[in-house]
Each structure stands twice: as C-alpha cells, then as structure tokens.
Amino acid sequence: MGPLQGIRIVEFAGLGPGPFCAMLLSDLGAEVIRIDRQQALAGRVDHDPRSQVMNRGRRSIAVDLKNPDACVAVLRLINQSDALIEGYRPGVMERLGLGPETCMAGNPRLIYGRMTGWGQDGPLAMAPGHDINYIALTGTLNAIGRRDGPPTPPLNLVGDFGGGAYLAMGLLAAILEARTSGKGQIVDTAMVDAAASMMAYFFGFSASGYWSDERGSNYLDSGSPFYDTYETSDGKWIAIGSVEAKFWEQTWQLLGLDLADMPPQHDRGNWQDTKAKVAAAVKQKSRDEWTRIFDGQEACVAPVLSIPESASHPHIAARQTVVNFEGIEQPAPAPRFSRTSAELDLPPPARGEHSEAILRDWGFDAAEISALKESGAVMQA
C-alpha cells in the first residue's frame with residue numbers, strides 16, 4: 001500500500017510524459033483509471049500490452065470520445081477524481097466537451113493536469129514537436145555532446161520523462177493545496193519549462209562565466225578527464241566520475257599511472273593530454289577487469305552496463321532496483337518508503353480490459369453499463 005492510497009486520478013491515454021506521470025503516481029498507490037481510445041491511432045500498431053511497462057499499475061476503459069454518451073460517462077468518473085491527466089494540444093479537450101471549465105463545474109476540487117511540449121500559451125503553443133525540439137530551445141541540447149561533435153539527444157529522458165516527473169510533482173502539490181482551500185486548479189506543465197528548470201545549475205555556471213558553450217570543454221560534459229567514459233580492451237566502457245581530488249588521485253593510481261606525472265586536476269590546458277593518458281591506460285584491460293580492480297575503492301568508477309546486464313549487477317540485484325513482474329524485467333517503484341511501501345500490483349492493461357469493472361466500481365449500474373456498450377460509447381476488450 002503506497003503513500004498515495006485513496007487518491008483517484010483519471011488519465012487520458014497519450015505518449016511519453018503523461019503515461020510516465022501516471023506510472024509514478026500509480027506506483028505509489030494512487031488509483032489511476034486510464035481512458036483509452038477504442039482503436040490504435042492510424043499508422044500505429046498495438047504492441048503486446050504487457051511489454052508497455054509505463055502503463056503498469058492502472059486499469060483501462062476504452063471509450064469513443066466522439067460519442068456524447070461516452071463523454072457523459074467520463075465526466076462521471078472525473079467528478080469522483082482528485083486529479084486528471086491529459087496531454088493533447090491546447091483546445092482539444094475543450095472541443096471534446098471535457099475542458100477544465102466543464103470538468104471543474106462538476107468537481108470544484110479537481111486538479112486538472114495539462115501536459116504539453118510548449119505549454120498552454122505562447123507563440124509555439126499550437127506547434128507540433130517532440131522531446132528533442134523542446135529541449136533544443138532551453139540550452140539543454142546544445143550543452144550535450146562531445147568536442148567538435150553535434151548536439152547529442154539524451155534519449156527522451158529530459159523533455160518527456162523530466163516533464164512527466166514535473167507534472168507528477170505539480171499534481172501532488174495542487175492536491176495538497178486543495179485539501180486546505182477546497183478549490184481545484186489547472187496545472188500547466190510544459191516540457192520546455194521542465195527542461196529549463198532542470199538546467200538551473202548550468203544557468204548558474206553560465207552566469208558566473210564558468211561554463212563554455214563549446215561542447216566537450218566543461219567539467220560535466222565530457223570535457224574533463226575525470227568525468228567521462230572510456231573504452232576498455234573488450235570494446236566495452238567504464239564511467240569515471242572522480243570529481244573530488246582524493247577520488248581522482250585514487251583513480252589515477254589504480255589505473256597504473258604514476259602520481260608524479262599527474263597534472264593539476266583543474267588545469268584545463270592539460271585536460272586533452274590527460275584524457276589521452278587515461279584512455280590509453282583503460283584500454284589495457286577489459287571492463288570486468290577494471291570493475292574488479294575498482295570494486296570497494298574510493299574512486300567513483302563504474303562499468304557501463306546495457307539494459308539486460310543491469311538487473312544482474314550485485315548492487316541492483318541486492319536492492320531489487322530492477323524486478324521481474326509478470327515475466328517482464330522492469331524498474332521497481334521509486335522512491336522507497338519506510339512505512340507505506342510501494343508495490344507493483346497490476347500489469348499494463350490491454351485496451352478496454354477493465355471497462356465494465358471500472359464503471360461498476362465507480363457507481364454505474366448494470367443497465368447503464370449495457371446501454372453504454374450498446375451505443376458504442378464504451379468497449380470491453
């Protein structure tokens with residue numbers, strides 16, 4: 001039973017940040033009902049639902065939102081909810097008759113979570129985009145990459161999943177406030193805003209003149225020899241993050257290098273030569289050999305593991321950071337709570353797998369459920 005037990009959330013199915021936000025909340029015990037379309041969007045294929053890890057922890061009801069009966073039914077669900085998650089472009093929910101004004105008229109305490117790339121207003125509010133576009137405008141993408149190379153997309157971790165985490169934080173903050181005020185509100189979460197917020201540390205560096213816009217020339221962007229990845233003799237990699245002087249000195253020694261030849265750590269003029277020395281040393285042994293050498297040492301060095309490899313690492317295994325749930329390896333809920341521990345309870349649902357059960361559990365009688373199915377408003381898988 002996670003700490004969010006008793007909180008009810010309606011999620012309108014989408015991609016990326018919305019489902020990630022819903023997963024975080026359901027992982028921690030919130031009851032999240034997923035409003036799915038009855039069919040996949042044109043050009044998209046329904047994959048095995050059990051492999052869609054981000055959809056875990058909630059039940060699915062499949063509706064036709066162009067059917068007025070479906071919208072009436074969804075409003076009844078929203079009226080019983082603490083919060084709503086939607087990720088459409090601005091104005092879509094209003095055209096469906098499910099905009100904030102309509103929903104909050106029936107549920108004044110509702111927290112209406114809106115997840116978009118550009119936000120609900122501004123010159124780009126209606127423009128299409130994806131993670132890479134949103135982080136491009138914030139300085140984030142320009143800062144990531146190697147010297148003399150192009151900006152490197154950090155997967156879609158920053159815009160999509162950073163944005164989803166900010167939405168989760170915003171929803172919880174607003175739910176807490178509503179318990180005092182009795183009033184709901186809209187939480188406008190834009191991936192561009194979230195990405196900029198996560199860059200606060202580097203905005204500070206830039207303001208102090210301590211950050212160069214030349215990629216691969218700074219402390220944390222692969223410019224320094226003590227914060228980078230290095231290829232091993234077997235074509236794999238280790239990650240060195242020996243920022244503090246004592247850790248860097250220990251790393252240097254364990255690599256078999258002479259302390260007498262170690263340049264001043266923060267002398268940028270020597271960084272490229274130092275990186276070459278470290279790279280040559282690392283290339284002498286395999287990744288696993290270096291892992292054994294650095295095991296238990298005060299050096300901040302780790303093997304770079306693939307997704308399949310990660311689950312078997314002793315630390316990951318000991319903490320059960322990756323678990324096997326319903327036959328699928330996946331990350332365990334995070335963070336961890338000493339008293340109200342979070343547990344995985346439901347695998348990712350098939351589209352409309354729980355339609356009838358949701359309606360029944362949320363107060364619809366048998367005649368109403370039958371009528372919704374007959375009209376095509378609701379589909380049971």
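Select from the stretch 149-167 the residues that are part of a loop (DSSP other than H, G, I, E, B) and in contact with an Asp or Glu (Cβ under 8 Å, 6 or more places away or on another chain) and write down the one among them that is nearest to Glu11 (Cα to Cα). Across the stretch 149-167, the extreme among qualifying residues is Asn156. Residues in the stretch 332-356 that are in contact (Cβ under 8 Å) with a residue 40 or more places away in the chain, closer than 16 Å to Ser26 by Cβ and surrounded by fewer than 18 Cβ atoms within 10 Å (Cβ to Cβ): Ala334, Phe337, Thr340, Ser341, Glu343, Leu344, Asp345, Leu346. Considering (1) over 25 Å from Gly216 (Cα atoms); (2) part of a helix (DSSP H, G or I); (3) among the charged types (D, E, K, R), the lone condition that Glu298 does not fulfil carries the number (2).
For every residue, the table says whether it meets (1) of a type outside the set (A, V, I, L, M); (2) in contact (Cβ under 8 Å) with a residue 60 or more places away in the chain; (3) out of contact with any Asp or Glu (no Cβ under 6 Å at 6 or more places or on another chain).
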position	(1), (2), (3)
Phe203	yes, yes, yes
Tyr219	yes, no, yes
Thr229	yes, yes, yes
Ala260	no, no, yes
Gln265	yes, no, yes
Gln272	yes, no, yes
Thr291	yes, no, yes
Asp295	yes, no, yes
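Against the definition (of a type in the set (Ser, Thr, Tyr), in contact with a helix residue (DSSP H, G or I) (Cβ under 8 Å, 6 or more places away or on another chain) and at pLDDT 95 or above), how does Tyr201 come out, yes or no? When the stated conditions are applied, Tyr201 does not pass them.
From the residues in the stretch 357-367 that are without any contact (Cβ under 8 Å) to a residue 24 or more places away in the chain and not in a loop (DSSP other than H, G, I, E, B), which one is surrounded by the most Cβ atoms within 10 Å (Cβ to Cβ)? So the residue we want is Arg360. Of the residues making up the stretch 279-293, those that are touching a strand residue (DSSP E or B) at 6+ places or on another chain (Cβ under 6 Å) and of a type in the set (A, V, I, L, M, F, W, C) are Ala279, Val282, Trp290. All of (1) modelled with pLDDT of 95 or more; (2) more than 22 Å from Ala174 (Cβ to Cβ) hold for Met23 with one exception: (2). If only residues of the stretch 327-381 that are within 23 Å of Cys21 (Cβ to Cβ) and among the β-branched types (Val, Ile, Thr) are counted, the one that is modelled with the highest pLDDT is Ile358. Gly57 meets each of the listed conditions (1) buried (at least 20 other Cβ atoms within 10 Å of the Cβ); (2) out of contact with any Ser or Thr (no Cβ under 8 Å at 6 or more places or on another chain); (3) closer than 18 Å to Glu353 by Cβ apart from (2).
Looking only at the stretch 168-197, count how many residues are part of a helix (DSSP H, G or I) and either crowded, with 17+ Cβ neighbours inside 10 Å or within 20 Å of the chain's Cα centre (by Cα) (or both).
So the count comes out to 16.
Filtered by the rule that a residue be of a type outside the set (Gly, Ala, Ser), in a helix (DSSP H, G or I) and in contact (Cβ under 8 Å) with a residue 40 or more places away in the chain, the stretch 369-381 gives a lone residue, Leu372. Only a single item in (1) without any contact (Cβ under 8 Å) to a residue 40 or more places away in the chain; (2) closer than 24 Å to Pro17 by Cα; (3) of a type outside the set (Gly, Ala, Ser) is not met by Val187, and it is number (1). Within the stretch 318-333, identify whether any single residue is more than 30 Å from Gly6 (Cα to Cα) and either assigned to a helix (DSSP H, G or I) or among the basic types (Lys, Arg) (or both), and answer yes or no. The answer is yes; a qualifying residue exists.
Taking the conditions (1) buried (at least 20 other Cβ atoms within 10 Å of the Cβ); (2) closer than 22 Å to Trp362 by Cα in turn, Cys21 satisfies each one other than (2). When Arg109 is tested against the conditions (1) in a helix (DSSP H, G or I); (2) farther than 17 Å from Pro19 by Cβ; (3) of a type in the set (Lys, Arg), the lone failure is (1).
Inspect the stretch 96-109 for any residue being under 21 Å from the mean Cα position of the chain (by Cα) and of a type outside the set (A, V, I, L, M) and give the result as yes or no. No, the stretch 96-109 contains no residue that is under 21 Å from the mean Cα position of the chain (by Cα) and of a type outside the set (A, V, I, L, M). Within the stretch 294-311, the set of residues being more than 24 Å from Gln250 (Cβ to Cβ) and either surrounded by 13 or more Cβ atoms within 10 Å (Cβ to Cβ) or touching a Leu at 6+ places or on another chain (Cβ under 9 Å) (or both) comprises Ser310, Ala311.
Each row is one residue, and each column tells you yes or no for (1) of a type outside the set (Ser, Thr, Tyr); (2) under 14 Å from Ala83 (Cα atoms); (3) surrounded by 23 or more Cβ atoms within 10 Å (Cβ to Cβ).
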{"residue": "Gln5", "(1), (2), (3)": "yes, yes, no"}
{"residue": "Ile9", "(1), (2), (3)": "yes, yes, yes"}
{"residue": "Leu25", "(1), (2), (3)": "yes, yes, yes"}
{"residue": "His47", "(1), (2), (3)": "yes, no, no"}
{"residue": "Arg50", "(1), (2), (3)": "yes, no, no"}
{"residue": "Val53", "(1), (2), (3)": "yes, no, no"}
{"residue": "Ala62", "(1), (2), (3)": "yes, no, yes"}
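The values are calculated or read from the model by the stated rules, or taken from the named source; none is laboratory data. Here the structure is a predicted model, which is why all the values come from computation and not from measurement. We place every Cβ from the backbone using ideal geometry, glycine too, and count neighbours over all the protein chains shown.
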